[in-house]
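Notes follow once the structure below has been shown.
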Amino acid sequence: MTVENEVIAEGKNDTKLKLTVPDMLASARYEIRLTGDAAVPDEEVSHPVRVQHRGRDSFGRSIDNGWRDVIALSVRHKPVFRLHCEEAYQYAHRGTIYPYVMTLERLGDFKEPVVIQRGDRQNRDLDGIEFVQTTVGVEESTFTMPIFLPETMHINIQSQSQLYTQAYASFTDSQGRKQHALFVSEKRNMLRTLPTVVKLYASTATLEGKPGDVVSVHFELERTSNMQNAMQLELVGDDSARFNVPAQQLTRGQVDVDVPIAISAEAESGDYELTFKASGALDAKPDQTAITSIAVTLHVK
């Protein structure tokens, strides 16, 4: 590391040090100690440079001693990739998974998989929006970020959703050290919501049965002309392993189906909230998945 402007000129009280970090310096925390030397007038005087840390108020007061004799310098690794997308309004139906096209720009010789996920911080209420975490392979540069827009979103609460995507990766630097990097997309995912295209209903909100019984529930799909494709109806959530419920395949245009629910002989008595989900590709946009769900309460006697 080199230092410039290290001399306070005669008659001056300050200088602005310039520290230059070597290009190949390992990423780590370094402690820098500085000493000031002068002849006053003929005697050599030396004092350590002391600095105030940031844990102090406007009067310089702090808990314990507010002065330090070292400067802490954190050297970060150079960025290894950039993440960005087209920041322009796109339209997606509520109750769908929308594939937002994004670009991963690799820098230098970085050749590691990158995990893409929802940003930790958002500037607006997500209103239930979820990001389906995905991994970009070492040879990929353009990919789609699956963004789930729940059917329960309030379409008129805000004019659009401004979403932030982040990505992280692990790699070994030139010093042989394991490094981890996380970057937020330089552009936002801009989405405006459209009405739902399909809605799932159950004939009853509550079912009853004893351990060992098989009870049946009738489901209906309210379809629009935009969603006549085949769909799969299945039990999801934590209780999917507790009850034997076979997935149902609904053919194109089919709007109703009876689903049997086998209650285990070892099932404990009580109420269980079972969530059923129907999903399928949109008619005109097969890369988008329509999802609708409903909860049914099963009372085991």
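Throughout, read-outs are computed from the coordinates displayed, never taken from laboratory work. Small disclaimer: the values here were computed from a predicted structure and weren't measured. Cβ placement follows ideal geometry from the backbone for every residue including glycine, while neighbour counts extend to all protein chains displayed.
Let me confirm the definition first: pairs of Lys residues in the chain, 8 or more apart or on different chains, C-alpha distance under 28 Å. How many are there?
Counting lysine pairs in the chain gives 14.
About its Cα centre, what dipole magnitude does region 215-301 give when the only charges are +1 on Lys and Arg Cβ and -1 on Asp and Glu Cβ, stated in debye to the nearest 20?
For region 215-301, the charge dipole is close to 260 debye.
Note down the net charge around residue 253, summing +1 for each Lys or Arg and -1 for each Asp or Glu among other residues with Cβ under 14 Å from its Cβ.
Working: positive: 223, 252; negative: 220, 222, 256, 283.
Neighbourhood net charge equals -2.
Which value, in debye to the nearest 20, gives the size of the charge dipole of region 56-139 about its Cα centre, when Lys and Arg are +1 and Asp and Glu are -1 at the Cβ?
Details: 12 positive and 13 negative charges, 47 e Å.
For region 56-139, the charge dipole is close to 220 debye.
Looking at [x] 60, 24, 19; [y] 30, 24, 17; [z] 36, 20, 18, which value of semi-axes √(5λ) of the Cα gyration tensor in Å comes from a calculation on the structure shown?
[x]
Pairs of alpha-carbon atoms within less than 8 angstrom and 6+ residues apart define the contacts here; what relative contact order does the chain have, in percent?
The normalised contact order for the chain reaches 14 percent.
Compute the whole-percent fraction of alpha carbon pairs in region 146-194 spaced more than 12 Å apart.
Everything past 12 Å amounts to 73 percent.
Test of understanding: what is the full-extension gain from residue 273 to residue 89, defined as 0.36 nm times their sequence separation minus their Cα-Cα distance?
Numbers: separation 184, 0.36 × 184 = 66.24 nm, distance 3.73 nm.
Full extension of this stretch gives 62.5 nm more.
In whole percent, what relative contact order does region 1-89 give with Cα contacts below 8 Å and a gap of six or more residues?
Details: 99 pairs, mean separation 22.4, N = 89.
This gives 25 percent for region 1-89.
Give the residue from 117, 162, 193 lying farthest towards the positive end of the charge dipole for region 81-194; charges sit on Cβ (+1 for Lys and Arg, -1 for Asp and Glu) and the dipole is referred to the Cα centre.
It is 162, whose Cα lies furthest towards the positive end.
What net charge do the residues around residue 123 carry, taking every other residue with its C-beta under 15 Å from that of residue 123, with Lys and Arg at +1 and Asp and Glu at -1?
Working: positive: 118, 121, 124, 187, 188; negative: 87, 120, 125, 127, 186.
Charge balance in the 15 Å sphere: 0.
With a cut-off of 8 Å between alpha carbons and a minimum separation of six or more residues, what is the relative contact order of region 64-176 in percent? Don't skip to the answer; put the middle values down first.
Numbers: 168 pairs, mean separation 34.7, N = 113.
RCO, region 64-176: 31 percent.
So for region 156-276, Kirkwood radius off the Cα pairs, Stokes-Einstein at 20 °C and 1.002 mPa s: how many µm² s⁻¹?
Working: Rh = 18.9 Å.
Rounded to a whole number, D works out at 113 µm²/s.
So, in nm, how far is label residue 63 from label residue 247 when the simple model puts each one 7 Å beyond its Cα toward the Cβ?
Label at residue 63, label at residue 247, 5.4 nm between them.
With a sphere of radius 13 Å drawn around the Cβ of residue 55, what net charge do the other residues whose Cβ falls strictly inside it have (Lys, Arg +1; Asp, Glu -1)? Walk me through the intermediate numbers first.
Working: positive: 54, 56, 61, 68; negative: 57, 64.
So the surrounding residues net to +2.
What translational D, rounded to a whole number of µm²/s, comes out for region 81-194 from Stokes-Einstein when the hydrodynamic radius is the Kirkwood one over Cα pairs, at 37 °C and 0.692 mPa s? Walk me through the numbers on the way to the answer.
Details: Rh = 14.9 Å.
D, rounded to a whole number, is 220 µm²/s.
How large is the dipole of the chain about the Cα centre if only Lys and Arg carry +1 and Asp and Glu carry -1, each at its Cβ, rounded to the nearest 20 debye?
440
Going toward the positive end of the dipole of region 224-275, with +1 on Lys and Arg Cβ and -1 on Asp and Glu Cβ, which of 269, 247, 237 do you reach last?
247
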